[in-house]
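Just below is one structure, and these are the notes that go with it.
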Amino acid sequence: MTVTPSLGRAAWLGGALGVCALLALPDRFPGLGGEARLTLAVFVLATVAWIATPVDDTFVALGAGLALTATGVISSETLFATLGDETIWLLICAFVLAAAVTRTGLAGRAAAFLVSGARTVRQLVHLTTAALVVTSFAVPATSGRAALALPVFLALAEVLAERRRLVVMLALLFPTVVLLSAVATLIGAGAHLITVHVLWEHTGQRLGFVQWLLLGLPLAVVSSHLAAETVLLTTTTRDDRRGPVRITPADLEAHSPTPVTGPLSTAEARCALLLATVVVLWCSEPLHRVPPAVVALIGAVVAASPALGTVRLKDALRTVPWPLLLFMAATMAMGVALADSGAAAWLVSGLPLRAAPWLFLTVVVVVSTAAHLVLQSRSARSSVLVPLVVVAAAAAGVNPVAAALASTAAAGFCHTLPASAKPVALFSDLPDGVPTFTPRDLLRLSAVLAPLTAGLVLLFALTVWPSLGVPVLLETQP
């Protein structure tokens, strides 16, 4: 018998209400305080609403934050303070900078410079991958990077129109690399900012831009190029890969709305200099001690200034995903409630936490990798998983930073279905006449890529990150 969506939704909601009813019984769950019960009830209802209802994710998160405030679990100051967190301001300013970059057409020039050097299909794939990894420094959030990359893909699709399988492969490559390379930088995904905030609230440790870059960039580069090779091998035949590739800047310029050849315009030169300065200042934070959010704010003000800017401030602010920021602020407040009420500690108290650290991290990575099948929002996955992972890691003697990073990196895999991530959905619904991948292509890629990326994240957590200052064991942390 086939379960209809309405029946499945009713089952989820019924289960959530059942859990809430049990939490309301005072003789159930001894040792669980009143605030913890309220927090768990709100948390369960919000999670089920994200999973099983068509209600907007941001609306659900705001409702949950309001419920926790109205019941006194958190104060109104805590709820509203999350919106003023410096990580939120970092993301706002990064979007303003990204709007300036997009307006000038610098991205198209960079793509043409890299891709035109390809002479084989494999070179084209890996040069494209390298270009997409670099965009993680300029454009925040995966959906923004996917939107920026779409015109470049459409230009390539026009040039390679006679080689259909290559176009399909590229349609799958672009969102795959955009999603996996996001871990390179702190601004790569909203989920990263949630993770940083949760770690700060629970452990007092704040991961800065430079430290995240040191830990995330090597993983992003390796996983992106590994994924690129996997996409190439699972989507094309040997004959497809054997033919030569000849793509010139002129070919791309014919299908580009902005010039990709010739000298830089004054606006392009100013924007390139500004972006390079901001990135250098972000990466040199330990030297000058200026917080990344302040650097981003300076860059945003310059980018939108009448004399030196390339975009008007009101136009740039229209590109900021305000619903995402409100969602992040509300889920940060939920994380505070989980920690302060004791709900998170109670949830993990019944788990078998005496397992070996490598086994604990394996479970974290596997669960985080599979979570996209239930929770489609990457930020929602981190807001649900990371608070629990951090508390469980501390109880198990595992470094919470290593566990939270592993969970967040693994949650970046969301390629199984077109609806699993916005970049995948964007490239699955292309203009008429442009070939793209099918759900079957996605499933075939996911079957190979899921275990590869999960194993790679686990390898980094156990061997690479300890050498970079993030040990596996809590007691060995300096």
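The values are calculated or read from the model by the stated rules, or taken from the named source; none is laboratory data. Because the structure is a prediction, the values reported are computed rather than measured. Methodologically, a virtual Cβ is constructed for each residue, glycine included, from the backbone with ideal geometry; neighbour enumeration extends over all protein chains shown. With ligands, DNA and RNA removed, areas are computed over all heavy atoms of the protein, side chains included. Shrake-Rupley method; radii C 1.70, N 1.55, O 1.52, S 1.80 Å.
Compute, for residue 35, the solvent-accessible surface of its heavy atoms (probe 1.4 Å) with the complete set of protein chains present, and express it in square angstrom to the nearest 10.
It works out to around 90 Å².
What list of ³J(HN,Hα) couplings, whole Hz, do you get for the range 357-367 from phi and the Karplus terms 6.51, -1.76, 1.60, once you set θ to phi - 60° and write x for glycine and proline?
x, 5, 6, 4, 5, 4, 4, 4, 5, 5, 4
Based on the Cα gyration tensor of the range 333-449, what are the three equivalent ellipsoid semi-axes, each the root of five times an eigenvalue, rounded to whole Å and given largest first? Numbers along the way, then the final one.
On the way: eigenvalues 223, 50, 17 Å².
Listed largest to smallest, the semi-axes of the range 333-449 are 33, 16, 9 Å.
For the range 274-281, just list the computed ³J(HN,Hα) in residue order, Karplus coefficients 6.51, -1.76 and 1.60, θ = phi - 60°, integers in Hz, with x standing in for Gly and Pro.
5, 4, 4, 5, 4, 5, 5, 5
Can you send over the carbon and sulfur percentage of the accessible area for the range 116-164, probe radius 1.4 Å, protein chains only?
Values: 1080 of 1800 Å².
Here carbon and sulfur together make up 60 percent of the probe-accessible area.
For helix 190-203, what angle does its Cα long axis make with the longest principal axis of the chain, in degrees from 0 to 90 and rounded to 10?
40
Hey, what's the chain come to in accessible area per residue, 1.4 Å probe, Å²? Let's see the in-between values first.
Details: 20130 Å² over 478 residues.
Accessible surface, normalised per residue, equals 42 Å².
Rounded to whole Å and ordered largest first, report the semi-axes of the equivalent ellipsoid of the range 71-125 derived from its Cα gyration tensor (root of 5λ). Don't jump to the answer; show the numbers that get you there.
On the way: eigenvalues 382, 46, 7 Å².
So the equivalent ellipsoid measures 44, 15, 6 Å along its semi-axes.
Per q in 0.15, 0.26, 0.32 1/Å, what log10 I(q)/I(0) does a Debye calculation on the alpha-carbon atoms of the range 353-392 return?
-0.36, -0.89, -1.10
Suppose every Lys and Arg Cβ carries +1 and every Asp and Glu Cβ carries -1, with no other charges. What dipole size does the range 146-270 come out with about its Cα centre, to the nearest 20 debye? Write down the numbers at each step before the final one.
On the way: 9 positive and 9 negative charges, 45 e Å.
Charge dipole, the range 146-270, about its Cα centre: 220 debye, nearest 20.
Using the basic label-point model (7 angstrom from Cα toward the beta carbon), what is the residue 452 to residue 322 distance in nanometres?
Going from the residue 452 label point to the residue 322 one covers 4.2 nm.
Using mean Cβ contacts within 10 Å as the protection proxy, how do 181-188, 145-152, 36-43 order, highest first?
Details: 181-188: 27.6, 145-152: 21.8, 36-43: 23.5.
Highest to lowest by the protection proxy: 181-188, 36-43, 145-152.
For the pair residue 366 and residue 294, what calculated FRET efficiency results from E = 1/(1 + (r/R0)^6), where r is the Cβ-Cβ distance and R0 = 30 Å, to the nearest 0.05? Don't skip to the end; give the middle numbers.
Details: r = 39 Å, r/R0 = 1.29.
Computed FRET efficiency for residue 294 and residue 366 comes out at 0.20.
Among 399, 244, 113, pick out the residue whose Cα is farthest towards the positive end of the charge dipole of the chain, where Lys and Arg carry +1 and Asp and Glu carry -1 on C-beta, about the Cα centre.
Highest projection toward the positive end goes to 244.
For residue 360, tell me the accessible area in Å² from a 1.4 Å probe, rounded to the nearest 10.
Result for residue 360: roughly 30 Å² accessible.
For the range 1-157, what is Rg from Cα atoms divided by 2.2 N^0.38 Å, rounded to two decimals? Don't skip to the end; give the middle numbers.
Details: Rg = 23.5 Å, N = 157, 2.2 N^0.38 = 15.0 Å.
Against the compact-globule rule of thumb, the ratio is 1.56.
Going out from 0 in 10 Å bins, what whole percent of all Cα-Cα distances in the range 1-91 drops into each bin?
In whole percents, the pair-distance histogram is 15, 36, 31, 15, 3, 0.
Just to be sure I understand the model, the point goes 7 Å from the Cα along the line to the Cβ. What's the resulting residue 463 to residue 162 distance in nm?
4.5
Compactness ratio of the chain: Cα Rg over 2.2 N^0.38 Å, N = residue count? Walk me through the numbers on the way to the answer.
Details: Rg = 22.8 Å, N = 478, 2.2 N^0.38 = 22.9 Å.
Against the compact-globule rule of thumb, the ratio is 0.99.
When the chain is fully extended, how far beyond the present Cα-Cα distance does residue 239 get from residue 29, taking 0.36 nm per residue of separation? Write down the numbers at each step before the final one.
Values: separation 210, 0.36 × 210 = 75.60 nm, distance 6.27 nm.
So the chain would gain 69.3 nm between residue 239 and residue 29.
List every residue whose amide H lies under 5 Å from the amide H of residue 473, counting only residues 5 or more places away in sequence or on a different chain, with H placed 1.01 Å from N in the peptide plane.
Under 5 Å from the amide H of residue 473 lie the amide H atoms of 399, each far enough along the sequence or on another chain.
So how long is each side of the range 50-100 along the principal axes, counting just the alpha-carbon atoms, biggest first, in Å?
42, 30, 11
5 Å is the cut-off here: which amide hydrogens, built 1.01 Å from N in the peptide plane, fall below it relative to residue 312, excluding neighbours closer than 5 in sequence?
The list, which skips near neighbours in sequence, is empty: none.
Using 10 Å bins from zero, what percent of all Cα-Cα pairs in the range 316-391 falls into each bin?
For the range 316-391, the binned pair fractions read 16, 39, 32, 9, 3, 0 percent.
State, to one decimal in nm, how far the label point of residue 314 lies from the label point of residue 269, with both points 7 Å from Cα in the Cβ direction.
It works out to 3.1 nm between the two label points.
So, with a 1.4 angstrom probe, what is the percent of accessible area on the range 349-478 that is carbon and sulfur?
In the range 349-478, the share of accessible area belonging to carbon and sulfur is 69 percent.
How many times 2.2 N^0.38 Å is the alpha carbon radius of gyration of the range 79-168? Mind showing how you got there, number by number?
Values: Rg = 16.2 Å, N = 90, 2.2 N^0.38 = 12.2 Å.
Cα-based Rg divided by the globular estimate yields 1.33.
Tell me the volume per residue, in Å³, of the convex hull enclosing the alpha carbons of the range 194-350.
Enclosed volume per residue, from the Cα hull, is 221 Å³.
May I ask you to derive the relative contact order of the chain, considering only C-alpha pairs under 8 Å and at least 6 residues apart, and to give it as an integer percent? The partial results should precede the final answer.
Values: 711 pairs, mean separation 104.8, N = 478.
Relative contact order comes out at 22 percent.
Quick check on the chain: helices-only [θ] at 222 nm, where DSSP H runs of length 4 and up contribute -39,500 (n - 2.57) each and the sum goes over total residues. Nearest 500, please.
Numbers: 24 runs with 326 residues, N = 478.
Calculated at 222 nm, the ellipticity per residue is -22000 deg cm²/dmol.
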